[in-house]
1. Taking only Cα atoms and a 10 Å spring cutoff, compute GNM fluctuations for the chain and point out the largest among Arg82, Arg21, Arg283.
2. Using a Förster radius of 41 Å, what is the FRET efficiency between Leu43 and Ile280 based on their Cβ-Cβ separation? Nearest 0.05, please.
3. Could you give the nm distance between label points at Ala208 and Asn190, where each point is 7 Å from its Cα heading toward the beta carbon?
4. May I ask for log10 I(q)/I(0) of region 54-136 at q = 0.18 Å⁻¹, from a Debye sum over the Cα atoms as equal point scatterers with solvent left out?
5. Over the Cα atoms of the chain, Rg to Rh with Kirkwood Rh, two decimal places?
6. Given just the C-alpha atoms of region 145-307, how large is their convex hull per residue in cubic angstrom?
7. Return the calculated 222 nm mean residue ellipticity for the chain, to the nearest 500 deg cm²/dmol, obtained by summing -39500 (n - 2.57) across DSSP H runs with n ≥ 4 and dividing by the residue count.
8. Could you rank the peptides 45-53, 147-155, 2-10 by their average count of other C-beta atoms within 10 Å per residue, with the highest value first?
Amino acid sequence: MKITVVGAGAVGATTADNIIRRELAEEVVLLDIKEGVAEGKSLDMYQTAALLGFNTRPIGSTNDYEKTKGSDVVVITSGLPRKPGMTREELIGINAGIVKSVTENILKYSPKAIILVVSNPMDTMTYLALRESGIPKKRIIGMGGALDSARFKTYLALEMNVSPNDIHGMVIGGHGDTTMIPLTRLATYNGIPVSRFIAADKLEKVAADTMVGGATLTKLIGTSAWYAPGAASAMIVESIVRNQRRIVPCSVMLNGEYGQKDICMGVPVVIGKGGWEKIINLRLSDAEKAAFAKSADAVRSMNAALDA
Ligand code: NAI
């Protein structure tokens, strides 16, 4: 098994670090355009092997795609992150160019790779990668819902003062501050609806905090987050390479599911060795359906900006 992570910035390096610690592949190639950065970070990470006891070898590369040859899974994190006050949507122009050229280069050397898109605005970048590459749709997955769901579970756990591990919950829809849909109605604590533990107004606040979860961190840190994004990306990679068939909300191409077509958006999918293997059709309430349709309108208008 060979995995490539493109972009050795905050999210890419953290993703690679999570992957090597879990020994998800024999080799992990970390690639970046900045001279020496991927090599340096890979060597730094490899020096933790003697301390932590893993055997996966990270290999750095400054834009030499030949080193990525034969990768089974590729994570694309290259591109600008947002700064305080910026929306993910404002990154579209520059990141579209980066994601397009990276996808082309990757497929030249790894035509069978499953691609996980992380760069923002993620739903549009996933759509672009699929449109430009023409590879089967099940091999292109966008990472957003996994992160947003982890934030949702964390805010629920904080509100209840319990372990996030006992909380189940999902965020679907677009990966944007106003487009994501935390499914509060379906969230549970040990199988019991969280609405039995949290008052309606507090639950609404949890949902609102989840939606601006990324912006809150960007304001505090000065740039966007990396620990949870890296862990969320590695979790999806693990479900692919170990064929775990976990259900994870990911941005995938819809063809009538959830009432949408020709758009990549976050819905629960089974993730296994073939990429996303099937979409789980949740029975949504009328309000949730309306929120999904509104979210789709926003994602669609962003996709239109690709051709503007
Ligand atoms: P960063 O600035 O730390 O790292 C980005 C790296 O990409 C830089 O090292 C840069 O040199 C590299 N890069 C730029 N163009 C490249 C190219 N053509 N080929 C190879 N490498 C290239 O940014 P960070 O924080 O790692 O974020 C990366 C992306 O991930 C951003 O677009 C950010 O908005 C997005 N993101 C997405 C999340 C999600 O849930 N989908 C969560 C967090 C970040």
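1. Arg283
2. 0.50
3. 3.1
4. At q = 0.18 Å⁻¹ the computed log10 ratios are -0.77.
5. Values: Rg = 18.5 Å, Rh = 19.4 Å.
Value, to two decimals: 0.96.
6. Numbers: hull volume 21.2 nm³, N = 163.
That works out to 130 Å³ per residue.
7. Values: 10 runs with 127 residues, N = 308.
Counting only the DSSP helices, I get -13000 deg cm²/dmol.
8. On the way: 45-53: 12.4, 147-155: 24.1, 2-10: 26.2.
Taking the mean over residues of other Cβ atoms within 10 Å, the ranking is 2-10, 147-155, 45-53.
Every number in this text was worked out from the coordinates using simple rules, so none of it is lab data. Note that this is a predicted model, so its numbers are computed, not measured. Virtual Cβ from ideal backbone geometry, glycine too; neighbours counted across all protein chains shown.
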